[in-house]
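Reviewing the structure listed below.
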C-alpha cells in the first residue's frame, strides 16, 4: 500500500514479485480407508496429496505461504463428485516494513490487521458437487421445452423474412426523410 509519491519513484519497474510451485499427487485408489468401509460402488476413487509454496515480495511486505492437504476424491454416481480433505494445513509468515506496519495500525481495522499477521490454519474440507446432476437436469428440461416449440414451415419463414426486410427498408426511408428535414431546419436556423 504505497502512496502515489512513493509509487512515482518505481512506476517504471515491477513492484511485486511472486513465485510459487504447487503439486498434486494422485493415487488411483483409497489410501488409509480402503479397509474401513465398503467403497466398491464408487467410481474412480483417488487419494490426493496437494502441496504449495508461495513467496510474494513487495517493497512494503514479504509473505511466505506453505500449504499441504490430504484427502480423497470419488464419484458416488456418474454426476456426483465428493472431495473429502480431512487434513488441510496452511502456514503464513509475513514480514512488514515499518512504514507499512504503521499504515495498517492507522486503519484501526482488526480484519486488515489480522490479514497481515503470521498465522497457522488447520482444518478440513468436505465438498459434494452435483454440478453434473444439475446440468443433466437442465439438458432434460431443455429437450422437453424444445419439443413444445412449433417450428415454422419453409414457406412461412420466407414470408416473414420478406415482411421484415420490407419493414426495415420503410423505416430506413422514414428515418432518412426525418434526418433530411432536421438537417434542412438546422441549416435554415443557422443561416439566419
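The values are calculated or read from the model by the stated rules, or taken from the named source; none is laboratory data. Just so it is clear, the structure is predicted and the values come from calculations on it, not from any experiment. Methodologically, a virtual Cβ is constructed for each residue, glycine included, from the backbone with ideal geometry; neighbour enumeration extends over all protein chains shown.
Looking at 163, 144, which is the one that is loosely packed, with under 10 Cβ neighbours inside 10 Å and in a helix (DSSP H, G or I)?
After ruling out the rest, the residue left standing is 144.
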Kindly establish whether residue 21 is in the same structural domain as residue 63 (by TED's automatic domain parsing), modelled with pLDDT of 65 or more and under 19 Å from residue 71 (Cβ atoms). no
